[in-house]
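Structure, as structure tokens:
Each reported figure results from applying straightforward, stated rules to the coordinates on display, with no laboratory input. These figures come from a predicted structure and were not determined experimentally. Don't worry about glycine lacking a Cβ; one is built from the backbone with ideal geometry, like all the others, and counts go over all protein chains shown.
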Amino acid sequence: MLIKLQLLSLAVLLSAILTAAETSYKVGVGRADCTGPAAEITFMGYAKANQKGCGIHLRQFSRAFIFNDGKNLMTFVTVDACMMNHPLKQAVIDKLEALIPKTFTLQNTIISGSHTHSTPGGWLKDVMYDFPNLGFVQESFDALVDGIVRSIEKAYKNQVDAQLYMNSGILLDSNINRSPAAYAYNPTTEQNKYEYNVDKDLVQLKIVRAKDDVPIGVINWFAVHPTSMNNTNCLIHSDNVGYASILLESSMEPDSLPGKTSFVGAFASTNLGDTSPNLKDPICIDTGKPCDYTHSTCDGKNEFCIAFGPGNDMVESTEIIATNLFKKGKELLESANSTEISGELRFIHRFIHMPSQTATYTLSNGTTINVHGCRAAMGYGFAAGTTDGPGEFDFTQATTTSNAFWNIVRDFIFPPTKEDAECHAPKPILIMSGAIQVPYEWQPSTVSIQMFQIGQFFVTAVPGEFTTMSGRRLREAVANEITSNGGPNNPKVVIAGLSNVYTNYIATPEEYQLQRYEGASTIYGPYTLPIYIQRYKELAKALISNTPITDDSEPYKFPNNLMSLVPPVIFDASGWWNNYGDCIVQPKESYTIGDIASATFVAGHPRNDNMQEKTFLNIEMQQKDATWKVVATDADWETKFIWKRQETFKPISQAEIQWKITKKVNPGTYRITHFGNYKYIFGGIYPYSGTSNSFTVST
Ligand code: ZN
């Protein structure tokens, strides 16, 4: 009896050890500043050539998460950038190889863009994507590589024993569908399965340190376009999701400055293709009347049809959406209802050549047809832009007929063949990007498809912007494939949007028929989605069964010398009577809560140094012992760093620093300091700083 009892307790002990072993993960979190050149570089997102940087409202950050079960290590990174593309991911992997050899590969690393539309562009290399920037911008590229690498390094060094939890909750009043006319083309039976025409679920992966049960990081996924800041903004901005991260991180460590907390809280992109944060229905800004529903036009023109809200201006709207995201994220983080994740870590990755892909596709009437991909091409509706940021020419969404003038322009660049036209129908082709490689690739043909398994939690990394229904179909297909191949019974599948390679949009074949912006930007033709679904199912099956899968293609290799028409900073000048850092417009002597304090300094060009992990400004408060304590930097929501050249033909610049004095500011004495670098006419870059007079803040 005694022996039996001893054996029994030994068995219990052993099973406890085994269970513990099964769920033991090492997890590391790391965040780094990846802010790019803060002035004169065109932003990536709205494709508006004159939307150039003029300073900073919120800094860009890269947030990295390492998952390691002793057998497999993998990293998920979300970065405050419009998207990710292969050349940049490859540069990150190459740089990591030199720092931490034999650890990070294209296969075990997902880099996902947050999709903010207010950060410097020109780093994607593909001609189509760097076009608004007049070509490649090395500074933008290097800034992102440096920041992303540092975030991964930090996460790698920070690995601790941790438990992982997943949770999700409904978040209302934070997104709408911006192409409801296209969504309505999906089968009614399918639409009836869902309450809303956008996803309202916020999905969360939480990381809790084992030794003290303290949360150290979290990744949230919610389908909303970070386009609260519109195409009139010129300050670097991480938009609604970036500010939600700052709010969440600051709420965990209120005494730390933004970007300096040890807790890392990410809001990453997912199937946000047809979603918008601009909750008020689009209106014609000239008449105030509603736009045409199908085409988003006003009297036949697209430029005046714009969606706003929920706030009175873009900054207030950003704050409202960010606060909603933050509150839901925080609620889930503190909730006891989360499910612990257990089981193996695995990853799988494959390069596929989209124009050569074939698949079978079952139509809603039950007939199965064979389908294939097309060479990449953009439709007329793409050039119309969206109600978040309309295009600049006379294009309209939902266009299925072409126009003689633009066809001449198109054919001058590259004419589509009869096969191209048939493949893309009913899309009228505007740019036959997949056929052009002069001076180099215009849009990718080879894409990256990738999945992570974290126990019963699956991250599906997709190379573009899946619409709501495209995402729902993909998640359902992948989950079924996982279960039917012996994987976990209730797998939680999330889509990591805009990961690894950028290939615009992925609409359903039904949505594609209307050719709104998302359909017109579905670049591999009407069956892009069914092809992806079939390839991701194969990927999921291979992942679950631990079978290797081979690439059918490899990414395009860009030449070393890329076209670039962005002029460098020649030199700076401070003017005859001034020195760099001189405060030429002093703040007022006193302010009260609700005011905006400001000071203007003689400045150098911000492109001389992006000041990563540093700041262009400090707001300092005088302490009892007469020393000064930094209470805000340029990464704070309440501050703005606004830079401009004082005169067009002289390289004299000014930096205006604004500080919004909110209720959380304590009464006292404050001052504003500006930091920068100037480029000397005979070469060399030198730092400078300057401080304003002090001023008082009273209630
Ligand atoms: Zn987008």
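Rounded to the nearest 20, the size of the Cβ-charge dipole of segment 183-321 about its Cα centre is 300 debye, with Lys and Arg at +1 and Asp and Glu at -1.
Tabulate in residue order the Karplus-calculated ³J(HN,Hα) for segment 684-699, using 6.51 cos²θ - 1.76 cosθ + 1.60 with θ = phi - 60°, rounded to whole Hz; enter x for Gly and Pro. For segment 684-699, the Karplus-derived couplings read x, 10, 10, x, 8, 8, x, 10, 7, 4, 7, 8, 9, 10, 10, 7 Hz, x marking Gly and Pro.
Give LYS200/LYS541; LYS89/LYS327; LYS644/LYS679; LYS154/LYS211; LYS102/LYS260; LYS260/LYS629 a once-over and call out the pairs whose C-alpha atoms are over 22 Å from each other.
LYS200/LYS541; LYS89/LYS327; LYS102/LYS260
A straight Cα-to-Cα reach below 19 Å connects LYS427 with the aspartates and glutamates ASP274, ASP394, ASP411, GLU419, GLU465, GLU510, GLU511, GLU518, residues fewer than 8 places away in its own chain not being considered.
Return the whole-Å distance between the Cα centroid of segment 363-382 and the Cα centroid of segment 503-537. So the separation of the two Cα centres works out to 7 Å. The three principal axes of the C-alpha atoms in the chain carry coordinate ranges of 89, 78, 49 Å, sorted with the longest axis first. Per-residue packing, averaged as other Cβ atoms within 10 Å, sorts the ranges 337-348, 577-588 into the order 337-348, 577-588, beginning with the highest.
This ranking places SER62, SER256, SER445 by how few other beta-carbon atoms lie within 10 Å of each, fewest first, which gives SER256, SER445, SER62.
By the count of other C-beta atoms within 10 Å, a proxy for reagent exposure, SER545, SER499, SER433 are ordered fewest to most as SER545, SER433, SER499. When the charge dipole of segment 483-591 is built from unit charges on Cβ atoms (+1 for Lys and Arg, -1 for Asp and Glu) and taken about the Cα centre, the candidate among ASN500, ASN546, THR522 whose Cα reaches farthest toward its positive end is ASN546. For LYS663, a cut-off of 17 angstrom between C-alpha atoms picks up these aspartates and glutamates, skipping any fewer than 8 places away in its own chain: ASP255, GLU316, GLU319, ASP595, GLU620, ASP636, GLU638. Positive end of the dipole of the chain (Cβ unit charges, origin at the Cα centre): among ILE100, PHE458, VAL241, the Cα lying farthest that way belongs to ILE100. Screening the chain for whole DSSP H helices of 27 Å or more along their axis (Cα) with average Kyte-Doolittle hydropathy at least 0.0 returns 2-22. Short-range pairs are left out: with C-alpha atoms under 8 Å and at least six residues apart, the relative contact order of the chain is 14 percent. Taking Cβ atoms as reference points and 12 Å as the exclusive limit, the residues near HIS372 contribute a net charge of -1, counting Lys and Arg as +1 and Asp and Glu as -1.
Taking the fewest neighbouring Cβ atoms within 10 Å as the starting point, the ordered list for GLU538, GLU419 is GLU419, GLU538.
Segment 618-685 and segment 553-614 have Cα centres separated by 11 Å. Electrostatic bookkeeping for MET83 treats Lys and Arg as +1 and Asp and Glu as -1; over the other residues with beta carbon under 13 Å from its beta carbon, the sum is -2. Highest mean packing comes first when the peptides 637-643, 570-576 are listed by Cβ atoms within 10 Å, giving 637-643, 570-576.
Taken about its Cα centre, the chain carries a charge dipole of about 1040 debye when Lys and Arg each add +1 at the Cβ and Asp and Glu each add -1 at the Cβ. With θ taken as phi - 60° and the Karplus curve 6.51 cos²θ - 1.76 cosθ + 1.60 applied, the whole-hertz 3J(HN,Hα) list for segment 197-207 is 8, 9, 6, 10, 7, 9, 9, 10, 10, 10, 10 Hz, x standing for glycine and proline.
Mean separation of Cα pairs under 8 Å and 6 or more residues apart, divided by the residue count, gives segment 468-557 a relative contact order of 30 percent.
Here LYS537 is the anchor, and the lysines within straight C-alpha reach of less than 21 Å, apart from those fewer than 8 places off in the same chain, are LYS492. For segment 278-340, applying the loop criterion from DSSP together with a ceiling of 13 other beta carbons within 10 Å to the chymotrypsin sites (Phe, Trp or Tyr not before Pro) yields TYR293. Applying a 4.7 Å cutoff between beta carbons, the unpaired cysteines of the chain are CYS34, CYS82, CYS583.
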